[in-house]
Each structure stands twice: as structure tokens, then as C-alpha cells.
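**Q** Handing you a structure now.
The values are calculated or read from the model by the stated rules, or taken from the named source; none is laboratory data. Just so you know, these numbers come straight off a predicted model, no measurement behind them. Backbone-built Cβ (ideal geometry, glycine too); neighbour counts: all protein chains shown. Quick note on the areas: whole protein, heavy atoms, side chains included, nothing else; ligands and nucleic acids left out. Shrake-Rupley method; radii C 1.70, N 1.55, O 1.52, S 1.80 Å.
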Amino acid sequence: MKKPFTLNHLFPISIFLLLIVVLFSDVFFSGKVFIAKGTDSYYSHYSSAAYFRNVVRTGVIPFWNPLSVCGTPFGAISTSNICMLNILVYLFKNLNLAWNLRMLSNVFLSALFTFLYARKIGLSKLSGLLSGIVYSFSPFAQSFTINFAESYSFFLPLCLLLVEYYYSARKISTVFLTALAFSFCILSSNLQFSFYIGIFFSLYVLLRFRSLLGFLIVLFSAGSVSFYTFRVLEAVSISQRPVLHFIDILLPTHLITMIFPFLFESTFMTETNFFFAHLFEEATRLFLHTDKLLYIFPPYVSIIGLTFCLFSLREKYKVARFYRMTVLVVLLYLMSFPFLSPLYRLIPLIGRMPTVERIGVLLTFSLSMLVGFGVEVVLRKKTKLKPSFLFYGGISFVVVSTFSMIRLLIKFRGDGIKSYFMSYISNHVVGTREHIRSLDFYMKRIDEF
């Protein structure tokens, strides 16, 4: 007998919606558009969406328009995403509302499908809830959701959920749904994401179920949208974008940023640069005579998340072992990429996409699932909670409370705080021996704060 729908089913949905309202309060209460300044969405994606919406409202669907995007076939790159599942929001009268719904639905669906997938493989509600939160609200996932309007984030857990349903119920209709979902993933995401996710999905099915079904689904999906792939290949062949102009690398020392995010290392944030990044930068200039190396930052899961990941090492589930191996392989790949770049160039289409750090989606998702497994280990031993768990829980409470108070102060007294700091800097900081920077430099730091 089928269980009736209860309020327990609404609990994860309510939590995810509440987090979205709190974390993106400016979108709901300030009337702002969900676009980060200086991103691709800010410069081109929003205008492309407006163009597509206006053309569709006239009754024309521009699958191929040589006048759009300076001759690039409309939809051949990720700026348009004309085949997204939530494309219907573009039919709203208010374009800003449509854009916000589109972006927030990406965040919500990625959290929800991750939760449902975690429940399907045997995790508890709390474990699945935390996995969904870590994955969908991580800076890596949100950066591509906001900057590039990508929807890969919810297609990945959706495809995994569907294939789990197939192997538990053996309904052939689920295979077609999985192929359809992956087809939409290819159509609505940058092909580099689809490439990485396709490999990940195929290996998942092959190793977990000893089946070639995953590879066949990816192959069928790629063939079904080959018209799109061929158009992308044609556009890329005449693209003026530099190929691997910079070489991406993840230093082992950068892993500390997974614990302390304020030590984020990069050459373009000198005020927070970590010591080893400086050494590596100078060494590459001295011995390799190049400054074309970019540093990749790992997905931020915080010290709390990493603690649960350590607990997950006790899990004997085959799924947990698969995600641990994924994390190891991706980290080794990113750390050794400068040596692999000549081989990477030989991959058709993917070799012309220089942002290799996009493989971080697999690292982010795998870490989020390991967090869920780690929480599961702790929950099964309620009478013997580790002292470190309580310690980190206390730190988490203090940090969240502190930043919540700061956020409230800035929201309601921000102008007063800003004017006070500016007055103090102008009168007591600028011009002293210890502070040789210009006034504009310190004012910019206040604005960033």
C-alpha cells in the first residue's frame, strides 16, 4: 500500500526554500536581479535571454540566426540555453522576474534532487538534507549557476536518481527518462560540463552495477542531440578564443582553502595570498619562464564538512568508496594538469575549452555526498558522539551567529558604519608610516566588506 503524503515530505522542500529566501534576500526584498557584477551573465547572458524572449514572443524560434552573437548560431554556446527545462519562465511579462525564477530554480532543484538521490541510496533525511545544502549552496556550484546560468547542477543528481530507480524497479521507462534528462543536460549546459558529467555517470553505473547502461545512455543522448553538437563544433572551429592560453593547476598547498576559505589563494587577490602561492609563482617565472599558470581553488566545504568527510572513511558502502576515489582522481588530475595539457589539447572540442577547473563539479558533488555518509556514521552512534563533532558544532554555531549579527548590522546600519570607517581612515590612517596605500584603496576595501 502506498504511503500517504505527509508533512514530512514537505520538510526538505521547506528547508531549501527557507535557505534560498534567507541567502538571496536581496532578490526577494530589494527587487534586484540575480546577476553578479562583472560576470558573463552581467555582460552578455542576460541580454541574450532578453533577445531570445522577445523573438520567441513574436512566434519565431531562432535555432539558427547568423546575425546573433556576431554570427555564432544562436544556442551554440551556453549564453542562450534555449533548451532549458525552465525556459517557460521567459514567457513571463516581467523579464527580471523570469530571470530570477530561472536562476533560483537551478539552486533549488540541485538541492532537492541531491536530497532525493541521497535518500534513494540509503541515507537518512538529515544526511541527505546536509548533502543537498553543501552541494547546491557551495561557492563552486553557485559561481557557475550565477555566472554562466548553467543547469548541470541539478541534472547530475537527477540522472543518478533515475538510474538508481531503474536498478531497484527494473522499469525500462526509467531508462528513457534518464536518457531524456541527460539530453537536456547536454542541450542546456556548456559541453565541457556535459563531457565531465558523462564520464562520471558512465563510470558510476559501470562500477556500481557492473553494467554498460550508463555508457549507452550517454551515447544515445549525445547522438540524439548531435545536431546541436555539430553546430558547436562548427562554431568552435572558427572561434577566436585562445586555446589553453593559461594552464590551470591546483597546488597541494591550496587544499588549506577547503578548511579556511579566507586564505583563498590566487594571483589576483594579493591581499589574501597564501605564502606558498607566492613561492610557486616566482619559481615558475624563474625556471619555466612563464606567467601563464593560473591557480585553481578547490570547492569550499568548510572545516565542518571535511570533518564529516573523515567520518565517512568508516563507511563500507560501495557508493562511498566510489566518491572517495572520485575525489582522489580529480585532485590528482588538477594537480598534474600542466603535464597533461599537451594530451588535453588532442581531445576534440574539449581541448579548445581552456577552463579545465570546470571538472570541479565532480569534486564538489563527491564531497557533498561524503558529508552525507559522514553524518550517517555519527547518527548511528548517538550515544558515542565524538568530542571533535561537538567541538566543531560549537565553532559552527559561534561563526554562524557572529556573521548573522554582522549581516543584520550592515543591513540596518550599513550607511552609518561605512561613514564612520571612512571618516576614521581619512583622519587617522591615510598618510601614516604604517599605511602607505592611497585613500581609494582603503575605500574600496570598505565597499568590499
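**Q** Residues to consider are SER136, SER143, SER80, SER131; find the one that is under 18 Å from PHE34 (Cβ atoms), of a type outside the set (Phe, Trp, Tyr) and either at pLDDT 70 or above or touching a Leu at 6+ places or on another chain (Cβ under 9 Å) (or both). So that I can check it myself, show each step before the final result.
**A** Numbers: SER143 fails: either at pLDDT 70 or above or touching a Leu at 6+ places or on another chain (Cβ under 9 Å) (or both); SER80 fails: either at pLDDT 70 or above or touching a Leu at 6+ places or on another chain (Cβ under 9 Å) (or both); SER131 fails: under 18 Å from PHE34 (Cβ atoms).
The match here is SER136.
**Q** Looking at (1) open to solvent by 40 Å² or more (accessible area, probe 1.4 Å); (2) modelled with pLDDT of 70 or more; (3) not in a helix (DSSP H, G or I), find the lone condition where PHE227 falls short.
**A** (3)
**Q** Quick one: in segment 31-48, which of the residues that are assigned to a loop (DSSP other than H, G, I, E, B) and open to solvent by less than 60 Å² (accessible area, probe 1.4 Å) is farthest from VAL107 (Cα to Cα)?
**A** Residues of segment 31-48 that are assigned to a loop (DSSP other than H, G, I, E, B), as a first pass: 31-39.
Of the ones still in play, those that are also open to solvent by less than 60 Å² (accessible area, probe 1.4 Å) are 33-36, 38-39.
Working: VAL33: 15, PHE34: 12, ILE35: 14, ALA36: 15, GLY38: 21, THR39: 18 Å.
If we take residues in segment 31-48 being assigned to a loop (DSSP other than H, G, I, E, B) and open to solvent by less than 60 Å² (accessible area, probe 1.4 Å), then GLY38 is farthest from VAL107 (Cα to Cα).
**Q** Show the residue pairs meeting these rules: Cβ distance below 9 Å; 6+ apart or different chains; first residue within segment 198-227 and touching a residue at least 12 places away in the same chain (Cβ under 8 Å); second residue in a loop (DSSP other than H, G, I, E, B) and of a type in the set (A, V, I, L, M).
**A** SER202/LEU212; VAL205/LEU212
**Q** Going through PHE176, PHE215, PHE201, PHE184 one at a time, which residue ends up being more than 23 Å from the chain's Cα centre (by Cα) and surrounded by 15 or more Cβ atoms within 10 Å (Cβ to Cβ)?
**A** Working: PHE176 fails: surrounded by 15 or more Cβ atoms within 10 Å (Cβ to Cβ); PHE201 fails: more than 23 Å from the chain's Cα centre (by Cα); PHE184 fails: more than 23 Å from the chain's Cα centre (by Cα).
Of PHE176, PHE215, PHE201, PHE184, the one residue that is more than 23 Å from the chain's Cα centre (by Cα) and surrounded by 15 or more Cβ atoms within 10 Å (Cβ to Cβ) is PHE215.
**Q** Surrounded by 15 or more Cβ atoms within 10 Å (Cβ to Cβ), under 27 Å from LYS93 (Cα atoms) and at pLDDT 80 or above, is that true of PHE24?
**A** It is true that PHE24 is surrounded by 15 or more Cβ atoms within 10 Å (Cβ to Cβ), under 27 Å from LYS93 (Cα atoms) and at pLDDT 80 or above.
**Q** If you don't mind, another one. Quick one: in segment 343-396, which of the residues that are small (Gly, Ala, Ser) and open to solvent by less than 10 Å² (accessible area, probe 1.4 Å) is modelled with the lowest pLDDT?
**A** From segment 343-396, those small (Gly, Ala, Ser) are 351, 360, 366, 368, 372, 374, 388, 393-394, 396; that's our starting set.
Restricting the remaining residues to those that are open to solvent by less than 10 Å² (accessible area, probe 1.4 Å) gives 351, 360, 366, 368, 372, 374.
Numbers: GLY351: 71, GLY360: 84, SER366: 93, SER368: 92, GLY372: 91, GLY374: 88.
So, considering only residues that are small (Gly, Ala, Ser) and open to solvent by less than 10 Å² (accessible area, probe 1.4 Å), the one modelled with the lowest pLDDT is GLY351.
**Q** Based on this model, can you work out whether PRO338 counts as open to solvent by 30 Å² or more (accessible area, probe 1.4 Å), in contact with a strand residue (DSSP E or B) (Cβ under 7 Å, 6 or more places away or on another chain) and at pLDDT 75 or above? Steps first, please.
**A** Details: open to solvent by 30 Å² or more (accessible area, probe 1.4 Å): yes; in contact with a strand residue (DSSP E or B) (Cβ under 7 Å, 6 or more places away or on another chain): yes; at pLDDT 75 or above: yes.
Here the answer is yes, as PRO338 does meet what is asked.
**Q** Can you tell me which residues in segment 234-258 are surrounded by 15 or more Cβ atoms within 10 Å (Cβ to Cβ) and either modelled with pLDDT of 90 or more or outside any loop (DSSP other than H, G, I, E, B) (or both)?
**A** Hits for segment 234-258 are ALA235, VAL236, ILE247, ASP248, ILE249, THR253, HIS254, ILE256, THR257, MET258.
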